[in-house]
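Okay, structure first, notes after.
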Amino acid sequence: MNRDIIKGKWDQMKGSVKQKWGELTDDDMTQIEGDADRLSGKLQERYGWAKEDAERHVDDFFRDDAGSARRDDTLRGDDRL
């Protein structure tokens, strides 16, 4: 998922992010504001990950989330399923 799109959908995605990374606080979520780099930085702080590892986790999460959203849209569009 494009990192700019993350900002636009942040309110919709916050719950999933918080569920995935429960160590993030509400204050963290407010500070992140949909910025993938800030999310990566907070994951480094909370989980002690290297920068590259945190970025990979963020990229994997949003890629998987985008794929699941496309599958959901496809299923909703086809009443025969």
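Read-outs throughout are calculated quantities, based only on the coordinates presented, and are distinct from any laboratory measurement. Because the structure is a prediction, the values reported are computed rather than measured. Counting neighbours? That spans all protein chains shown, and the Cβs are built from the backbone with ideal geometry, glycine included.
Working note: Karplus 6.51/-1.76/1.60 with θ = phi - 60° gives the stretch 40-55 the couplings 4, x, 5, 5, 4, 5, 6, 10, x, 7, 5, 3, 4, 5, 4, 4 Hz, where Gly and Pro are set to x. With r as the distance between the Cβ atoms of residue 7 and residue 50 and R0 = 35 Å, compute the FRET efficiency 1/(1 + (r/R0)^6) and round to 0.05. Working from the Cβ atoms, E equals 0.90.
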